[in-house]
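For reference, the structure is listed below as structure tokens.
The values are calculated or read from the model by the stated rules, or taken from the named source; none is laboratory data. Here the structure is a predicted model, which means the values were calculated and not measured. Glycine gets a Cβ as well: all are built from the backbone with ideal geometry, and neighbour counts include every protein chain shown.
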Amino acid sequence: MLKFNNTYIGLGKPFFQRSLPQKVPAPDLLLFNSALANSLGLPDELQNDNVLLSQYFSGNQLFEGAEPIALAYSGHQFGHFNPQLGDGRAHLLGEVLDNNNIRRDIQLKGSGVSNFSRQGDGRCALGPALREYIMSEAMFALGVPTTRCLAVVTTGENVYRERPYDGAIVTRVAASHIRVGTFQYFAARGDTDSLKKLTNYAIKRHFPALLVEAELDKTIAVDGKKSANEISSQQVLKFFSAVLSKQIPLVLSWLRVGFIHGVMNTDNTTISGETIDYGPCAMMNAYHPETVFSSIDRNSRYAFGKQMSIIQWNMTRLAETLLPLVDSDEDEAVEKIEPLLTQFHQDIQQGYLTMMAAKIGIDEPAEGDGKLINDLIAIMKTQKLDYTQTFVSLTNSLTTSPIEESLTDVLSEWLPRWNARIESFKAAAHTLMVSNNPVVIPRNHHVEALLDSCQETGDLAALNKFLAVLRQPYTDITDTKNYQDAPVDGDKNYHTYCGT
Ligand code: AMP
Ligand code: MG
């Protein structure tokens, strides 16, 4: 059985509220992620018992040792600070050590109201629950750091949005649910003691190597004696640096595969650097940095090409919360933390160049490669070239097939430059491109068509076929070709919604 051990509860009262999932009338297991379940050590006899799984993953029955809580957090939503968010429709059941001894949060989402629900009903509709499952599985297979879904259970109840929908509960597995907004919650209340607790906890959980370093520091320090909830300025800065380093592979892998998160609010930005909250996310088809699908993102704040600057904005908000732990003099604290943000800016820019270079087969970008990449992107933008397909065509042009005629024309000036650049290491370039350019992504029109058909017919066969393809996004398998097409209308009328 899952062995729960709930360290977050040890942080004490201001961090959460105890809250039980609300029972549902007819829980029915729709999707179950056995690969993930295996990694968590969920026993086979439970995995084979759909009735019991439905009970557990609807919250109708609690696992032994689970102590459900709703977490407190704040957040900047579209740039505006909301001091009081928190889990309004989610229950953290507790933590489990996976097979790699990594602590994972097991959370139900759509499991009923808590004290943080405000006007919300605490519930989740089936469509968004399925969407989170599909998208997070696809992202995981694409090599993007992400929270994952263990199960989707329908509740037997309707959820009312603009019309009634089937209700569902999705089980989310995450490295933790500590967000930038969690730090903001305590900073907004001037609760430095809790900020210290949270930072120490986050270090222990996500960056244990820093603890070892601190121990080493202590052995040389003369006055190494510290009370339980103390943290040195150095340690806070190291922590912040570690958080920054997790955000780079996160956002760069989004940009690599064409993912638009859609709602990069600070409450949806984890300290662990995992993708969280698949509400209004979407995939880009034709390349354009301004691509936005979210119906509520009216100012295009979270457009595809803005994600690198938004993560820096979010990290600056995190830095602000840490100032009192860095120095009692705020100006001094700013002076100490600012260089880390400057460094972050440089690192993410450099990382972007390296990531894009890999997409065209170059391992270590040299002088001139920035221009080569920018020129390609500029053509893709003006010619409205499909992001995924273009890189696949370029990849294949090194081995199997000549580049499509449509591309030869628009890339007539660019292709010879690129070919000359990689001429001396074509095989290595090809290998690099194969592992950086997916042949298939969860295209919006395919995802939506499957969500519609699942909800109408309840038949999951087509969805499972799609998932099988998405689980091998760098390999052309028999069914891959069925999902590679760009939408005929370029998704021009496609809108995503917050998954409420
Ligand atoms: P999200 O858009 O999922 O990031 O949610 C933002 C905030 O709204 C969080 O505090 C959620 O818990 C809360 N929320 C979203 N949907 C609901 C709902 N149906 N009932 C209660 N709270 C909700
Ligand atoms: Mg959220």
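Taking Glu332, is it among the acidic types (Asp, Glu) and over 17 Å from His76 (Cα atoms)? So Glu332 passes the test.
So that you can scan it fast, the table gives a plain yes or no per residue for (1) touching a Phe, Trp or Tyr at 6+ places or on another chain (Cβ under 7 Å); (2) more than 16 Å from ligand 2 (Cβ to nearest atom):
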| position | (1), (2) |
| --- | --- |
| His177 | no, no |
| Lys196 | no, yes |
| Leu210 | yes, yes |
| Asn268 | no, no |
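Among the residues of the stretch 239-262, which ones are within 15 Å of ligand 1 (Cβ to nearest atom) and at positive phi? Gly262, the sole residue that qualifies.
All conditions but one from (1) closer than 14 Å to Arg18 by Cβ; (2) more than 19 Å from the chain's Cα centre (by Cα); (3) assigned to a strand (DSSP E or B) apply to Val113; the one that does not is (3). Being in a loop (DSSP other than H, G, I, E, B), of a type in the set (Ser, Thr, Tyr) and away from ligand 1 (no atom under 16 Å from the Cβ), is that true of even one residue in the stretch 263-278? Within the stretch 263-278, one or more residues are in a loop (DSSP other than H, G, I, E, B), of a type in the set (Ser, Thr, Tyr) and away from ligand 1 (no atom under 16 Å from the Cβ). If the condition is being within 16 Å of ligand 2 (Cβ to nearest atom) and out of contact with any Lys or Arg (no Cβ under 8 Å at 6 or more places or on another chain), then the stretch 270-290 contributes Glu274, Thr275, Asp277, Gly279, Pro280, Cys281. Can you name the residue in the stretch 45-97 that is acidic (Asp, Glu) and under 26 Å from the mean Cα position of the chain (by Cα) and is also nearest to ligand 1 (Cβ to nearest atom) among such residues? Residue satisfying both the conditions and the ranking: Asp87.
For the stretch 109-153, the set of residues classified as out of contact with any Leu (no Cβ under 8 Å at 6 or more places or on another chain) and charged (D, E, K, R) consists of Lys109, Arg118, Asp121, Arg123, Glu132, listed by residue number. Applying the set (1) at pLDDT 95 or above; (2) closer than 30 Å to Tyr165 by Cβ; (3) of a type outside the set (Val, Ile, Thr) to Trp418 leaves exactly one unmet item: (2). Checked against (1) surrounded by fewer than 21 Cβ atoms within 10 Å (Cβ to Cβ); (2) among the hydrophobic types (A, V, I, L, M, F, W, C); (3) over 17 Å from Arg256 (Cα atoms), Phe344 passes all but condition (1). Considering the conditions (1) over 26 Å from the mean Cα position of the chain (by Cα); (2) surrounded by fewer than 18 Cβ atoms within 10 Å (Cβ to Cβ); (3) of a type in the set (A, V, I, L, M, F, W, C), Ala333 is excluded by exactly one of them, (2). Selection of the stretch 183-203 for residues being among the polar types (S, T, N, Q) and touching a Ser or Thr at 6+ places or on another chain (Cβ under 9 Å) yields only Gln184.
Evaluate the stretch 223-241: report whether one residue or more is within 16 Å of ligand 2 (Cβ to nearest atom), among the aliphatic types (A, V, I, L, M), assigned to a loop (DSSP other than H, G, I, E, B) and touching a residue at least 60 places away in the same chain (Cβ under 8 Å). No, the stretch 223-241 contains no residue that is within 16 Å of ligand 2 (Cβ to nearest atom), among the aliphatic types (A, V, I, L, M), assigned to a loop (DSSP other than H, G, I, E, B) and touching a residue at least 60 places away in the same chain (Cβ under 8 Å). Residues in the stretch 114-123 that are on the phi < 0 side of the Ramachandran plot and surrounded by fewer than 20 Cβ atoms within 10 Å (Cβ to Cβ): Asn115, Ser117, Gln119, Gly120, Asp121. Inclusion of Glu64 among residues that are away from ligand 2 (no atom under 16 Å from the Cβ), surrounded by fewer than 18 Cβ atoms within 10 Å (Cβ to Cβ) and either acidic (Asp, Glu) or assigned to a strand (DSSP E or B) (or both) is warranted. Where helices (runs of 4 or more DSSP H) sit wholly within the stretch 371-462, those with at least 3 residues that are surrounded by 14 or more Cβ atoms within 10 Å (Cβ to Cβ) occupy 387-397, 414-422, 426-436, 444-457.
Of all residues in the stretch 38-71, those that are under 15 Å from Val153 (Cα atoms) and either at pLDDT below 95 or in contact with an Asp or Glu (Cβ under 6 Å, 6 or more places away or on another chain) (or both) total 1.
Only one entry of Ile403, Ile362, Ile373, Ile422 meets the criterion of being of a type outside the set (S, T, N, Q) and touching a Ser or Thr at 6+ places or on another chain (Cβ under 6 Å), and that entry is Ile403.
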